[in-house]
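Asks: For reference, the structure I am asking about is given below.
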Amino acid sequence: MGITDTIAYSAYENKLEKEVFAYPVPGHIAIIMDGNRRYAREVLRVDNTNKGHELGRKKLEEVLNWCIKVKVKTLTVYAFSTENFSREEEEVDFLMNLIRDMMYSLGDDERIHKNKVRVKMIGDRSTIPDDLKKAVDYAENKSKAYDQYHFNVAVAYGGRQEIISAVKMVAQQVKNGEIDIDDITEESISTNMYTCDDADPDLVLRTSGEFRLSNFLIWQMAYSELYFTDIYWPGFRYIDFLRAIRSYQQRNRRYGM
């Protein structure tokens, strides 16, 4: 990028930022971080797709900074789905280790403590390696007292599985005589979801040009605004983040009306 292009890019970024700051921003953004492997193959031109995953982790750190800057209070990201366990063992192991290292890093991250960001894993903890569980516990315990920002990392997560788990818990409450069947409501299901401490996402964003929800927060995103971009996750820029928020701000949320 030449000097002229850099100046033009900076001017456009500043313009977008002013537009976004002029209106209310989403309280909760959820992101399907897609395109790491394709970025490695098509942009980096390498066969080792783990390079894309490494850059994807670095991008996530940037996006957390952007959310704090713009004052998006809750960020939920899809890091590893239940379906991802069907990938090659080498790739699964690499991703588990990458997430483990990220969790330890978050627990010691000055940004987390300075901005009082609560870190939480959402997903089926029984299916992840013990060393990752320890890392998750480390990050969560170091940040559990914070409530200024919430950062949810979905690992071993599936939306349908989450709903089944919540229904089983409600069914157990009925069996135990704690509630009657007629007491089962949307709220009673929601309070048993992984995200029970957070409002539902206002904006759900997916990178890489795919138009799918991929079993992500399917209960919670009933009335979320959806935004899709062709850009692969490692190539996602601040202006792309701002564009997504601006698109959200320009919509009239009807909540099914």
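The values are calculated or read from the model by the stated rules, or taken from the named source; none is laboratory data. Predicted model, so just to flag it, every value in this text is computed and none were measured. Positions of Cβ are backbone-derived with ideal geometry, glycine not excepted, and every protein chain shown enters the neighbour counts. In case anyone asks, the SASA skips ligands and DNA or RNA and just uses the protein heavy atoms, side chains included. Shrake-Rupley method; radii C 1.70, N 1.55, O 1.52, S 1.80 Å.
Asks: With the Cα gyration tensor of the range 131-206 in hand, convert its eigenvalues to equivalent ellipsoid semi-axes via √(5λ) and list them largest first in whole Å.
Replies: In descending order, the three semi-axes are 27, 16, 14 Å.
Asks: Toward the positive end of the charge dipole of the range 1-112, about the Cα centre and with charges on Cβ (Lys, Arg +1; Asp, Glu -1), which of Leu64, Gly35, Leu98 goes farthest?
Replies: So the residue we want is Leu64.
Asks: With axes computed from alpha carbons, what is the tilt in degrees of helix 50-70 against the longest principal axis of the chain, rounded to the nearest 10 within 0 to 90?
Replies: 90
Asks: Based on Cβ point charges of +1 for Lys and Arg and -1 for Asp and Glu, what charge dipole magnitude is obtained for the range 1-60 about its Cα centre, in debye rounded to the nearest 20?
Replies: 260
Asks: Please give the peptides 97-103, 224-230, 71-77 ranked by average Cβ packing (other Cβ atoms within 10 Å per residue), highest first, as a rough proxy for protection.
Replies: In decreasing order of mean packing, 97-103, 224-230, 71-77 become 71-77, 97-103, 224-230.
Asks: May I ask you to list the lysines whose Cα is less than 29 Å away from that of Lys168, ignoring any residue fewer than eight positions away on the same chain?
Replies: Lys120, Lys133, Lys134, Lys144
Asks: Out of the GluC sites (Glu not before Pro) in the range 79-171, which ones are loop residues according to DSSP with at most 12 other C-beta atoms within 10 Å?
Replies: Filter output for the range 79-171: Glu88.
Asks: Given the DSSP H assignment, sum -39500 (n - 2.57) over each helix run of at least 4 residues in the chain and divide by its residue total; what's the result at 222 nm in deg cm²/dmol, nearest 500?
Replies: For the chain, the value works out to -14000 deg cm²/dmol.
Asks: Another question, if that's okay. When the label point is put 7 Å from the Cα of Glu83 along its Cα-to-beta-carbon vector, which residues of the range 210-229 have a backbone N closer than 13 Å?
Replies: Backbone N within reach: 210-218.
Asks: Also, quick follow-up: Convex hull over the Cα atoms of the chain, averaged projected area in nm²?
Replies: 16.0
Asks: Taking θ as phi - 60°, what are the ³J(HN,Hα) couplings along the range 164-176 by the Karplus curve (6.51, -1.76, 1.60), each to the nearest whole Hz, with x for Gly and Pro?
Replies: 4, 4, 5, 5, 4, 5, 5, 4, 5, 5, 5, 4, 7
Asks: Which angle from 0 to 90°, rounded to the nearest 10, does the C-alpha axis of helix 3-21 make with the longest principal axis of the chain?
Replies: The angle comes out near 40 degrees.
Asks: Next up: Using protein chains only and a probe of 1.4 angstrom, how many square angstrom of Leu213 are accessible, to the nearest 10?
Replies: Roughly 60 Å² of Leu213 is accessible to a 1.4 Å probe.
Asks: Arrange the peptides 33-39, 130-136, 171-177, 141-147 so that the one whose residues have, on average, the most other Cβ atoms within 10 Å appears first.
Replies: Result, highest mean Cβ count within 10 Å first: 33-39, 130-136, 141-147, 171-177.
Asks: Rounded to the nearest 10 Å², what accessible area does Trp219 have for a 1.4 Å probe in the complete protein model?
Replies: 80
Asks: Something else: Do the alpha carbons of any pairs in Lys18/Lys51; Lys71/Lys114; Lys15/Lys69 sit beyond 26 Å of each other, and which pairs?
Replies: The pairs that break the limit, which is 26 Å between Cα atoms, are Lys18/Lys51.
Asks: Let me ask something additional. Provide the per residue accessible area, probe 1.4 Å, for the chain, rounded to a whole number of square angstrom. Don't skip to the end; give the middle numbers.
Replies: Numbers: 13600 Å² over 257 residues.
Heavy-atom SASA per residue in the chain reads 53 Å².
Asks: To the nearest µm²/s, what D does Stokes-Einstein give for the range 51-193 at 10 °C and 1.306 mPa s, using the Kirkwood radius over alpha carbon pairs as Rh?
Replies: For these conditions, the coefficient is 96 µm²/s.
Asks: I've got another one for you. In square angstrom, rounded to the nearest 10, how much accessible surface does Ser188 have for a 1.4 Å probe?
Replies: Around 20 Å² of this residue is reachable by solvent.
Asks: Computed on alpha carbon atoms, what radius of gyration and Dmax characterise the range 1-81, expressed in Å?
Replies: 15.7, 44
Asks: What angle, in degrees between 0 and 90 and rounded to the nearest 10, separates the Cα long axis of helix 238-249 from the longest principal axis of the Cα atoms of the chain?
Replies: Taking Cα atoms only, the helix is inclined about 60 degrees.
Asks: Return the whole-Å distance between the Cα centroid of the range 1-61 and the Cα centroid of the range 68-117.
Replies: When both Cα centres are located, 17 Å separates them.
Asks: Same structure, new question: Dividing the Cα convex hull volume of the range 202-257 by residue count, how many Å³ per residue is that?
Replies: Each residue corresponds to 82 Å³ of Cα convex hull volume.
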